[in-house]
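Chemist: I have a structure here, written as C-alpha cells, and I will follow up with some questions on it.
The values are calculated or read from the model by the stated rules, or taken from the named source; none is laboratory data. Treat the numbers as computed from the prediction; the structure is a model and nothing was measured. Counting neighbours? That spans all protein chains shown, and the Cβs are built from the backbone with ideal geometry, glycine included. These area figures cover heavy atoms from the full protein model, side chains too; ligands, DNA and RNA do not enter into them. Shrake-Rupley method; radii C 1.70, N 1.55, O 1.52, S 1.80 Å.
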Amino acid sequence: MVKRKSPLRKFLFYFGLVIIASIILIPFYYMLIVSFHADYDPYKTSFNNLTLRNYAEIFGLIQSTEEAFFGDEITKRNLESINTKLERLKSISASKESYLTYVEETLIPEKEKELRNMIELIMDFSGLTPENREEYLQNAMKIGTKEYNEIMENAQIILSEGDITLLNDLYYFLNNYKSEEFLDKELAKVKEQINELEEQKQKIIAEKATEFPFLKYMKNSLMFAGLGALFSLIFAMLGGYAISRLRFRGKGMLQRSVLVVYLFGGTVIMVPLYQMAVKLGILSTPFGAGVYLIIVYIIQTLPVSLYMLGNYFRTIPYSIEEAAIIDGCTRMQTILKIIIPLSAPAIVTVYIYAFMIGWNEYLFASAFLGLKSYKDLFTLPIGLNAFSQSAHSVWGRLMAASLVSAVPIIIIFSLMEKYLTAGFTAGGVKE
Amino acid sequence: MELSVKEERFAWKLVAPTIILLLLLILYPVIYNIYISFFDVGITSMKFVGLENYKRILSDKDFWRSFFITISFTLLTVVGSILLGLIVALMMNKDFKGRRIMRTIILLPYITPLISVVFSWHYIFDPSLGPFVEFFGRKLGLISTDIDLLNNINNAFIVVSVFNIWRNFPFVYLMILSKLQSIPSELYEAAEIDGANAWRKFTNVTLPELYFVIAAVGLLRGIWNFYKFDEVYLMSKSAGTLPIFIYERVIGTTSPEFGVAAAIATILMVVMMVLIGFYVKKVLKW
C-alpha cells in the first residue's frame, strides 16, 4: 500500500507531532531552566544568570555559612538581629572600663528613670504630697535617707512581692554599680548572654545546612524501594514457578488475587493498615515503622510481579528442565540453575517495576513516617513535599532535586525500553 | 499419586510467603476495615455504634461534594487520556522520520517519577512566577493575573485532571498501539476494495478492532483514577477527591476519625465493585 500524501497533510501531521511533543516537554523544560537559573531571592520574578549552585547545594558540596545564607530572607533577618546584638554585647564587655562607661552612659539613666517612676507611683498611691516634690524624689533615691524609709514602708503595703524585689534591685544597682564585685558579677552575666546568642546562631546555621538533606532522602528511598522490590521479587520468583509449572489446589484463586489487589487500591487498605500498626505498637520506633513500610511495599508489588514472572516462566520450554531433573537436579536446583538465568531480562524488568512503585509511593510513607516525623527516614516524595511547603523552600533547589531524582529512572528506562514497554502492555503495571 | 502429593507440597512451600502476606496485609485489612467502620474508634477505646458512621457520612454535604468530584475526575481523566492516547497511537502507527525519538518522548510523562514532575507543574501554575499566568494573564490578558489555579477549590480539580491526563495518556497509547499493530492489513485492503475512504476505514475497521482494548484500558484507568491519591494530593490538596477526604480525616488531622474514614473507604469499595460489575457486563460483555 503506497500512499501519496499531499504536502499540506504532511505539514499538518508534523505540526501535530510538534504540538504533542511540546506539551509533553514543557514541564521538563521548566525543570531544567529553573534549576540552572533560579537564585536565592524568593521575591524575584525572573531568573537570569546561569548557576550550578542549586545542584552543588543539594549534593552537599556547599555548606550554608553565615555569609552565604542562600538568599533566604527569613534566615537572613534572624541572623542579622542576632549579629547586631552580639556585636554590641562584645564591645561593651571588652574590658571593665568599657563596661563601666556603658553602665554609666546607658544603664544608669535608664535605671534612674525607672526608679523615679516607681517612687512617683508609690507617692501618688499613698498620698504623699511633699512640699518640694523634686527634692523629695532626689532624696528618696538614696538608700538610708528618711524619704527612702518612708517610701519603702509604703511600698510594703502597695506593691506586690515581685515589684518589691524589683525596687530593691534598682536601689542596689544604683548604689553599688561602682563596686568591683558587682561589676564582675554583671560582666559574667553578659558573657553568659553572649554564649547563648552564639549557640543560637550556630543552631540557625546548622538547621539551614540540614534543612533539605536531599542525599539522605535519596538514600532512604533507595533503601525502601530497593529492599521492598527485592523481597517482592524473591517471593514472586518462587510463587511464579509454582503457578507456571506445578499443579496444586488453590492455584486459580491465587492467580485471581492479582485482580483483587487492583480492586483494593492503597486508599482502601490505608486506614486498617495504619490502625493495625498502631495497635501493635509498630510505629512507635523508627525501625518498626521502616520495616512495616518495606513490608507494605512488598505486598503492593507482589501480585503484579507474581503475575508477570509466572507468565514469563511459562514461555521457557519444560524439556530443558526435564533434562536437568533426569541429570539429578532437585526442583529447587532447577529453579536456581535454569529458570532464573533463563529469565534474567524478565526478572530485571519486574524488579524495575517494583522499584519504581516504591520510589513513587507517597501515601504509606507519609502515614507511617510523616505522622511521627521520623525525619531521618523520610523518602524522596515526602521529603521533597515537606520541603516544598516549608517557609524556606526555593524553586531552584526543588527543581534541581526533581531533576536529579528523575534522571536515573529515565536512563534505566531508555536502556531497557524494549523490555519495559512490553511489560506495560503485557498486563499493565499497578499504580 | 505419590509424586503429585509431593509436587503439591512443594508448590505450597513456594507460594506460602505470598499467600501469608496476601492474607495478612490485603484480605485481613479489607475485612478489618469493614469491621471498624461500625465502631467509634478512639486512641485506646472502641465503641460499637452500628451504622452511625454511615449515617453521618451520607448526611454530610462535604462527602457528597467530594463524591461527585471523584466521579467527574474519573470520567474526565479516563475519557481525556483515552482520546489523547488514541490520537497519538494513530499518529505513531505511521512511518515517519524521528519516530524513535518521539517514542521515548511520549513515554516520559508516564515513567518519570511523580515527585519529579509535580513541582514543575506547580511552578507553571504558580500565581506570581508561573509562566501560565505570565503568558495567558499578563501577555494575552485572557485570564485574571492574580488567579491561583492550584489552591482554589473550584479550579484545582481542573488542573489536577489535566495533569492526570498528561501523565497517564502514554499508558493508553502503548496499549492501543500494540493492538493497532496487530490489526491484519487484509481488513484495510478489503475495505479499500469496497471503496471506503480514510474516515470510513477508521470507523468501520480500526474502531471495532480497538473496542475491547479501549474498554479494558478504560476499566483499568477508571479503577486507578477512582482510588488515585498521590497524583491528586501532591498536585493540589484543594482538589477534594474522596481519597484525599479520607486522608485528611486520618493522617492530616490531630483528632483522627478512624471509624468514619473506614466507613468512607468501605463505601468507596462497594461503589467501585458495583461500577466494575456493571462495566464488565455492559461494556466488556463478559
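Chemist: I need the full set of residues from region B:243-252 which are in a helix (DSSP H, G or I) and not aliphatic (A, V, I, L, M), in order please.
Modeler: Answer for region B:243-252, where residues must be in a helix (DSSP H, G or I) and not aliphatic (A, V, I, L, M): B:243, B:245, B:247, B:248, B:249.
Chemist: Same structure, new question: Tell me, which helices (runs of 4 or more DSSP H) wholly within region A:317-429 include 3 or more residues that are surrounded by 22 or more Cβ atoms within 10 Å (Cβ to Cβ)?
Modeler: Once the helices (runs of 4 or more DSSP H) in region A:317-429 are filtered for at least 3 residues that are surrounded by 22 or more Cβ atoms within 10 Å (Cβ to Cβ), what remains is A:344-360, A:380-389, A:395-415.
Chemist: State yes or no: is residue A:243 more than 7 Å from chain B (Cβ to nearest Cβ) and out of contact with any Cys (no Cβ under 6 Å at 6 or more places or on another chain)?
Modeler: Judged against the criteria, residue A:243 is a match.
Chemist: Still on this model: From the residues in region B:253-265 that are more than 17 Å from the chain's Cα centre (by Cα) and not in a loop (DSSP other than H, G, I, E, B), which one is surrounded by the most Cβ atoms within 10 Å (Cβ to Cβ)?
Modeler: B:261
Chemist: State all residues of region A:366-387 that are under 13 Å from the mean Cα position of the chain (by Cα), modelled with pLDDT of 85 or more and within 7 Å of chain B (Cβ to nearest Cβ); if no residue qualifies, say none.
Modeler: Listed by number, the residues that qualify are A:366, A:380, A:381, A:384, A:385.
Chemist: When you check residue B:179 against the structure, is it within 25 Å of residue A:417 (Cα to Cα) and basic (Lys, Arg), yes or no?
Modeler: Yes.
Chemist: How many residues does region A:107-126 hold that are open to solvent by 70 Å² or more (accessible area, probe 1.4 Å) and in contact (Cβ under 8 Å) with a residue 60 or more places away in the chain?
Modeler: Residues in region A:107-126 being open to solvent by 70 Å² or more (accessible area, probe 1.4 Å) and in contact (Cβ under 8 Å) with a residue 60 or more places away in the chain: 1 in total.
Chemist: Among the residues of region B:215-227, which ones are within 8 Å of another protein chain (Cβ to nearest Cβ) and either in contact with a Leu (Cβ under 9 Å, 6 or more places away or on another chain) or at pLDDT 90 or above (or both)?
Modeler: B:223, B:226, B:227
Chemist: Select from region B:10-22 the residues that are closer than 24 Å to residue A:296 by Cβ, over 31 Å from the mean Cα position of the chain (by Cα) and within 7 Å of another protein chain (Cβ to nearest Cβ) and list them in ascending order.
Modeler: Selection gives B:14 alone.
Chemist: Now for a separate question. Looking at region A:275-291, which of the residues that are in a helix (DSSP H, G or I), more than 13 Å from residue B:28 (Cβ to Cβ) and open to solvent by 20 Å² or more (accessible area, probe 1.4 Å) is modelled with the lowest pLDDT?
Modeler: Of everything passing the filter in region A:275-291, A:278 is modelled with the lowest pLDDT.
Chemist: Moving to a separate point now. Answer yes or no: is there a residue in region A:267-274 that is within 12 Å of chain B (Cβ to nearest Cβ) and farther than 30 Å from residue B:39 by Cα.
Modeler: No: region A:267-274 contains no residue that is within 12 Å of chain B (Cβ to nearest Cβ) and farther than 30 Å from residue B:39 by Cα.
Chemist: Scan region A:218-240 for residues that are within 11 Å of chain B (Cβ to nearest Cβ) and open to solvent by less than 10 Å² (accessible area, probe 1.4 Å) and report the count.
Modeler: 6
Chemist: Could I ask something else about it? For residue A:157, are the conditions met, namely being part of a helix (DSSP H, G or I), β-branched (Val, Ile, Thr) and open to solvent by 80 Å² or more (accessible area, probe 1.4 Å)?
Modeler: Criteria met by residue A:157.
Chemist: Additional query: Checking the structure you have, find out if any residue of region B:41-51 is touching a residue at least 12 places away in the same chain (Cβ under 8 Å), within 17 Å of residue B:270 (Cβ to Cβ) and outside any loop (DSSP other than H, G, I, E, B).
Modeler: No, every residue in region B:41-51 fails to be touching a residue at least 12 places away in the same chain (Cβ under 8 Å), within 17 Å of residue B:270 (Cβ to Cβ) and outside any loop (DSSP other than H, G, I, E, B).
Chemist: Can I ask one more? Filter region B:68-124 down to the residues that are on the phi > 0 side of the Ramachandran plot and of a type in the set (Phe, Trp, Tyr) and list them by number.
Modeler: none
Chemist: When region B:23-74 is examined, which residues are found to be among the basic types (Lys, Arg) and under 23 Å from the mean Cα position of the chain (by Cα)?
Modeler: Within region B:23-74, B:65 is the sole residue that qualifies.
Chemist: Taking residue B:87 as the residue in question, decide whether it is β-branched (Val, Ile, Thr) and either over 29 Å from residue A:284 (Cα atoms) or buried (at least 18 other Cβ atoms within 10 Å of the Cβ) (or both).
Modeler: yes
Chemist: Would you mind telling me which numbered condition in (1) surrounded by 24 or more Cβ atoms within 10 Å (Cβ to Cβ); (2) within 9 Å of chain A (Cβ to nearest Cβ); (3) assigned to a helix (DSSP H, G or I) residue B:268 fails?
Modeler: (1)
Chemist: Show me the helices (runs of 4 or more DSSP H) entirely contained within region B:153-242 in which 2 or more residues are out of contact with any strand residue (DSSP E or B) (no Cβ under 8 Å at 6 or more places or on another chain), open to solvent by 40 Å² or more (accessible area, probe 1.4 Å) and over 30 Å from residue A:268 (Cβ atoms).
Modeler: B:153-180, B:185-193, B:198-201, B:207-226
Chemist: Follow-up question, since we're still on this one. Would it be correct to say that residue A:313 is without any contact (Cβ under 8 Å) to a residue 60 or more places away in the chain and within 12 Å of chain B (Cβ to nearest Cβ)?
Modeler: No.
Chemist: May I pose another question? If a residue must be at the interface with chain A (Cβ under 9 Å from one of its Cβ atoms) and closer than 18 Å to residue B:264 by Cα, how many such residues does region B:231-243 contain?
Modeler: Summing the residues that are at the interface with chain A (Cβ under 9 Å from one of its Cβ atoms) and closer than 18 Å to residue B:264 by Cα in region B:231-243 gives 3.
Chemist: Do any residues in region B:268-286 that are touching a residue at least 60 places away in the same chain (Cβ under 8 Å) have Cβ atoms under 9 Å from those of residues that are open to solvent by 80 Å² or more (accessible area, probe 1.4 Å) and not in a helix (DSSP H, G or I), where the two are at least six apart or on different chains, and which pairs are they?
Modeler: Here the result reads B:280/B:286, each pair linking region B:268-286 to a residue that is open to solvent by 80 Å² or more (accessible area, probe 1.4 Å) and not in a helix (DSSP H, G or I).
Chemist: For region B:104-125, check the following and say yes or no: at least one residue is surrounded by fewer than 17 Cβ atoms within 10 Å (Cβ to Cβ) and either at pLDDT 85 or above or of a type outside the set (Gly, Ala, Ser) (or both).
Modeler: Yes, because at least one residue in region B:104-125 is surrounded by fewer than 17 Cβ atoms within 10 Å (Cβ to Cβ) and either at pLDDT 85 or above or of a type outside the set (Gly, Ala, Ser) (or both).
Chemist: Collect the residues in region B:136-152 that are within 14 Å of chain A (Cβ to nearest Cβ), open to solvent by 70 Å² or more (accessible area, probe 1.4 Å) and part of a loop (DSSP other than H, G, I, E, B), keeping them in residue-number order.
Modeler: B:146, B:151, listed by residue number.
Chemist: Just the residues that are within 29 Å of residue A:143 (Cα to Cα), in contact (Cβ under 8 Å) with a residue 60 or more places away in the chain and not charged (D, E, K, R), please, taken from region A:79-106.
Modeler: A:92, A:93, A:99, A:100, A:103
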